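See structure below.
Since every read-out is calculated from the coordinates, none of them should be taken as a lab result. Values in this document were obtained by computation on a predicted structure and should not be read as measured data. Positions of Cβ are generated from backbone atoms using ideal geometry, with glycine treated the same way; all protein chains shown enter the neighbour counts.
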Amino acid sequence: MSTALPAERPIRVVVSDDHPVVRQGLRSFLEAQGFAVVGEAADGDEAVRLVTETRPDVLLTDLVMPGVDGIETIRRLRAGGPPVGILVLTSFSGAEQVIPAIQAGADGYLLKDAGPGVLEDAIRAVHRGEPMLSPEAAAVVMARVAGEPAPAGPEHPDLERLTAREREVLAGLGRGLSNRQLAAELFVSEKTVKTHVSSVLAKLRVADRTQAALFAVRVGLVDPRR
């Protein structure tokens, strides 16, 4: 009797970029790595339509496109589109691109000069539900959180699970504080901080401190003692 396991379904990807050569190159690379490219879009309108029609696992999108750009594409999909992991692949790493993309709902942010292996790993991470930021994008996020209050907006429902103290801990994680620094800032022991961090990760259903920090940015959380 055969004991062969069924083949794993390939990750289905829609590629959105206004340059045909870039789309062709990405398709060739992705298909060679075992991904299934189920659509190509040259602008945001087409990307939204393709994601709605084909229901891919991941949308790989540029930001700067004619007509509807990448950030508006992300907003539209998060507002009423089907569930999909969204990975930005762009040439721009400034705060004016990174922060709005993450706040709009991007799950990952990668630069076009990333190596092939990095791109493959990022797509698989986003498909697993893990946020993925290039080092350049991560630096922008941390600088913004450390230096400026995030704009106020509707409260994210996941924040309702957190106590007031856990929100302070989450804000500290977003600012890149260590457990020792959090303990000193909140006037509690490191053991207490560890307990709060574990509770925050569990309640937000994230795997580690980096994912919690990214969540804090995306929901516009501000340390209430500032």
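Can you give the percent of C-alpha pairs in the chain whose distance is more than 23 Å? For the chain, the share of Cα pairs beyond 23 Å comes to 50 percent.
Taking the average, over residues, of other Cβ atoms within 10 Å as the packing measure, peptides 39-46, 205-212 rank 39-46, 205-212 from highest down.
For the range 4-82, the calculated P(r), taken from all Cα-Cα distances in 10 Å bins from zero up to the bin holding the longest distance, is 20, 50, 23, 6, 1 percent.
How large is the convex hull of the Cα atoms of the range 168-226 per residue, expressed in Å³ as a whole number? Don't jump to the answer; show the numbers that get you there.
Details: hull volume 4.2 nm³, N = 59.
Residue-normalised Cα hull volume stands at 70 Å³.
222 nm [θ] for the chain, helices only, -39500 (n - 2.57) per DSSP H run of 4+, per residue, to 500?
Numbers: 10 runs with 114 residues, N = 226.
Dividing the helical sum by the residues of the chain leaves -15500 deg cm²/dmol.
Restricting the calculation to Cα atoms, the range 13-132 yields a radius of gyration followed by a Dmax of 12.5, 34 Å. Computed from Cα positions, the angle between helix 70-80 and the longest principal axis of the chain comes to roughly 80 degrees.
Please list the three semi-axes, largest first and in whole Å, of the ellipsoid equivalent to the range 66-115, using sqrt of 5 times the eigenvalues of its alpha carbon gyration tensor. Don't skip to the answer; put the middle values down first.
Values: eigenvalues 68, 29, 20 Å².
One finds semi-axes of 18, 12, 10 Å for the range 66-115.
For Cα pairs less than 8 Å apart in space and 6+ apart in sequence, what is the mean separation divided by the residue count of the range 1-124, i.e. the relative contact order in percent?
Values: 208 pairs, mean separation 27.1, N = 124.
For the range 1-124, the relative contact order is 22 percent.
Once both axes come from the Cα atoms, what is the angle between helix 95-104 and the longest principal axis of the chain, in degrees from 0 to 90, rounded to 10? Once rounded, one gets 90 degrees.
Please determine, in degrees from 0 to 90 and to the nearest 10, the orientation of helix 209-218 with respect to the longest principal axis defined by the Cα atoms of the chain, where the helix direction is its Cα long axis. The two axes meet at around 80 degrees.
Taking every alpha-carbon pair under 8 Å whose residues sit at least 6 apart, the chain reaches a relative contact order of 15 percent. For a straight C-alpha distance cut-off of 15 angstrom, the aspartates and glutamates reachable from residue 194 (same-chain residues fewer than eight places away being disregarded) are 166, 168, 185, 208.
Please give the contour-minus-distance gain from residue 29 to residue 128: 0.36 nm per residue of separation, less the Cα-Cα distance, rounded to one decimal in nm.
On the way: separation 99, 0.36 × 99 = 35.64 nm, distance 2.02 nm.
That works out to 33.6 nm of additional length.
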